[in-house]
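One structure is given here, and the rest of the page talks about it.
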Amino acid sequence: MANQRHYTPADKLLMQVNSALRTLLPFSGSPYRVSPAKTFADAELTEQESKHVAGLMRINHTGEVCAQALYQGQALTAKLPEVREAMEKAAEEEIDHLAWCEERVRELGQKPSILNPLFYGLSFGMGAAAGLISDRLSLGFVAAVEDQVCRHLDEHLEQLPTDDEKSRAILEQMRVDEEKHSTNAIAAGGFKFPTPVKMGMTLLSKVMTKTTYRI
């Protein structure tokens, strides 16, 4: 198309830097949707409950940092325009989750993980590598990651204090969105990862969650 813009390598670099800053700097990711937590009042949590919920939400925030990096890396190396656009759209939707989780962590008197820049870099590299290999593998990687996220969210929902409706509302909406991303990725032709690969991803995920729960 005549009006389609072609980005130079410098343009693309600046766009990636901007995406990284929007992800990693405090309060820099503006959500497109209002947080589901806004409709609920604060629960009276004990100090121990508050710290535990903050740890869970910190894990989810780091997961969203990784999701942003993954999608941006894949969008950078995607071969088909429609795949690139799908990755960029998914990244936009994940910004909501990123902002909601950060807000909740800070409401509970805690801060996001200091290791987020490290996890961002690793996830960006994996996403870019998957995109370089093939769009089908890249889409399959999205589906596999989102399936992992859904399992984590299910576990966290079970651990939340009954009265903490704010955190529950956030995680439940995230669960709906993440499942949609996984389904869409497979429907778009994503490769279904074999069980051994998924088990390896689960082990890596557990290392990340144990680390970011407190740091």
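Taking 0.36 nm per residue of sequence separation and removing the Cα-Cα distance, the Lys111/Ala41 pair yields an extension gain of 23.1 nm.
Take 184-193, 102-111, 38-47, 122-131 and order them by the average number of nearby Cβ atoms within 10 Å per residue, most first; the result is 122-131, 102-111, 184-193, 38-47. Among the protein heavy atoms of segment 70-115, carbon and sulfur supply 54% of the accessible surface, probe 1.4 Å, non-protein parts ignored.
The HN-Hα couplings worked out from phi for segment 60-74 by the Karplus form 6.51 cos²θ - 1.76 cosθ + 1.60 (θ = phi - 60°) are 5, 5, 4, x, 6, 4, 5, 5, 4, 5, 4, 5, 5, x, 5 Hz, whole numbers, x standing for Gly and Pro. Taking packing as the residue-averaged number of other Cβ atoms within 10 angstrom, the listed peptides 165-174, 61-70 run from highest to lowest as 61-70, 165-174.
Seen from a random direction on average, the alpha-carbon convex hull of segment 133-185 projects onto 3.5 square nanometres.
Evaluated on segment 56-180, the Kirkwood hydrodynamic radius is 14.8 Å, with distances taken between all distinct Cα atoms.
The values are calculated or read from the model by the stated rules, or taken from the named source; none is laboratory data. All figures in this text were calculated on a predicted structure; none of them were measured in a lab. Using ideal geometry, Cβ is built from the backbone for each residue, glycine included, and neighbour counts are taken over all protein chains shown. In case anyone asks, the SASA skips ligands and DNA or RNA and just uses the protein heavy atoms, side chains included. Shrake-Rupley method; radii C 1.70, N 1.55, O 1.52, S 1.80 Å.
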